[in-house]
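Down below is the structure, laid out as structure tokens.
Values in this text are rule-based calculations from the coordinates and carry no lab data. Keep in mind that what you see is a predicted model, and the values were worked out from it rather than measured. Please note: Cβ atoms are built from the backbone with ideal geometry, for glycine as well, and neighbour counts cover all protein chains shown.
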Amino acid sequence: MLFVILGILIVLSGFFSGSETALVSLNRYRLRHLVKSGHRGAIIANWLLERPDRLIGLILIFNNFVNILASAIATIIGLRLFGEPGIAIATGVLTFVILIFSEVTPKTFATTHPERLAFPAAFILKPLLKVFFPLVVLINFFSNNLLRILGITNNFDNTSVSAEELRVIVTETGKLIPSKHRKMLLSILDLEAVTVEDIMIPRNEIIGLNLDDEWIDIQDQITHSLHTILPVYQGDMNNISGMLHIKNSLPIIANKESQKSDLVKVVQEAYYIPEGTSLNRQLINFQSNKHRIGLVVDEYGDIQGMATLQDILEEIVGEFTTDPANSLTKEIHPQQDGSYLVEGSVNIRDLNRTMSWHLPTDGAKTLNGLILEYLESIPETSTSILLNDYPIEIVQVNNNVVKTVKISPRLINNQID
């Protein structure tokens, strides 16, 4: 009879040990999903985990009670079978049995299959907690006060994650999320670290309407424009008059009696963006202000470039246009030896995205700026440098600007990604 009782106690010890590990090992995000779907076991398990101190207190009360009782019974059995030496024999055998059958095995199973044990166990632990609630509260009172004396505060809300932790979660999802969707999610997390200055169209590449031009030239530019919105300025880009929606100008262009003053009437107020604005903030600003294009200005109010909603969206989903005006094919020329001739004015982020390269993006925005920043001087033609393990040769320099460079494949032996 004692052997039967001892066996039952060992099974109970394994149940309580495994239940604790299973409940703690539950994926909290999947648990919340199951709770929303109405899973009864998940609902009870979530209720128990809202106060983990009470749950652990309950389990430890029963686990220690069962183990101590099992030890007492094993001692009685040892005395009856072997006399006084039986105490040592019973202690050694029971330690081995509890370690294998009540600790290692159930906890290993609970770690690998937490839901299979946690949800059924929750149906048993909940009524036990209600029955023995006063005892659990008493034990937790002493335990929590001891922690408070030691300067440790209880924080039961440990489900929040940082951006870096969320990045790790997305990266390690494996086949649960398609590769393309995973890249999009990671790109969304990167929006906080990227500013409009990183993705804007540089000022010297902005195509706009100069009101100082002849009316016939303005009409011709509007007629052949590849863009739906054009900035309008007077003489200099810093003297912005506003933004012109091409569709609003078509009736004016169609009217042979129209004049430049008629066009000015349909020019709308320009929208300005500080150059240090992060992309996630600007995405919200575009939405709240009902704009999809803005002029980027520095701290002095001078125009630095132009950013569009499309540019931000492409940071998330990648290129989704075949517009030649937005392609880098004109700036990148593959060579027979595997190298590339690249224009110095190309944006580094666009270059990295197009070529799957890893040139630094935390400083200068263009390839020319990156090289000048690295050398801290104006290079001469045929100067060679090794930048982030990429061999780069200066091919052409004009007016203190690096016009063309030759970039060879990255040196694999030095690559660390």
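Give me the tail of P(r) for segment 7-108 as a percent: Cα-Cα pairs with distance above 23 Å.
The proportion of pairs with Cα distances above 23 Å equals 41 percent.
Which of Ala74, Leu9, Ala88 sits closest to the plus end of the dipole of segment 1-129, meaning its Cα is farthest towards the positive end, when Lys and Arg get +1 and Asp and Glu get -1 on the C-beta?
After comparing all options, I get Leu9.
Please arrange Asp298, Asp236, Asp389, Asp350 by counting, for each residue, the other beta carbons lying within 10 Å of its beta carbon, fewest first.
Ranking Asp298, Asp236, Asp389, Asp350 by Cβ neighbours within 10 Å, fewest first, gives Asp236, Asp298, Asp389, Asp350.
Just how large is the dipole of the chain about the Cα centre, in debye to the nearest 20, putting +1 at every Lys and Arg Cβ and -1 at every Asp and Glu Cβ?
3200
Highest mean first, how do 128-134, 20-26 rank when packing is the count of other Cβ atoms within 10 Å averaged over residues?
Going by the mean number of other Cβ atoms within 10 Å, highest first, we get 20-26, 128-134.
Only Lys, Arg, Asp and Glu count, each charged at its Cβ (+1, +1, -1, -1), so figure out the dipole size of segment 198-242 about its Cα centre, rounded to 20 debye.
180
Among (i) 1.33; (ii) 1.23; (iii) 0.99, only one was calculated for this model; which label is it, if the read-out is Rg/Rh (Cα atoms, Kirkwood Rh)?
(ii)
Based on DSSP H runs of at least 4 residues, each adding -39500 (n - 2.57), what is the mean residue ellipticity at 222 nm of the chain after dividing by all its residues, to the nearest 500 deg cm²/dmol?
Theoretical 222 nm ellipticity from helices: -16000 deg cm²/dmol.
Could you pull the Rg and Dmax for segment 328-414, using just the Cα atoms, both in Å?
Cα only, segment 328-414: 11.8, 36 Å (Rg, Dmax).
When the expected Rg is taken as 2.2 N^0.38 Å, what fraction or multiple of it is the alpha-carbon Rg of segment 211-351?
Cα-based Rg divided by the globular estimate yields 1.24.
Can you find, among Ile207, Gly301, Leu99, the residue sitting farthest towards the positive end of the charge dipole of the chain, where Lys and Arg contribute +1 and Asp and Glu -1 at Cβ?
Final value for the positive-end residue is Leu99.
Putting +1 on Lys and Arg Cβ atoms and -1 on Asp and Glu Cβ atoms, find which of Gly344, Ile392, Pro334 reaches farthest to the positive end of the dipole of segment 328-414.
Going by the charge dipole, the pick is Pro334.
Sequence-distant or interchain residues sharing an amide H contact under 5 Å with Asn239, placed H: which?
Gln234
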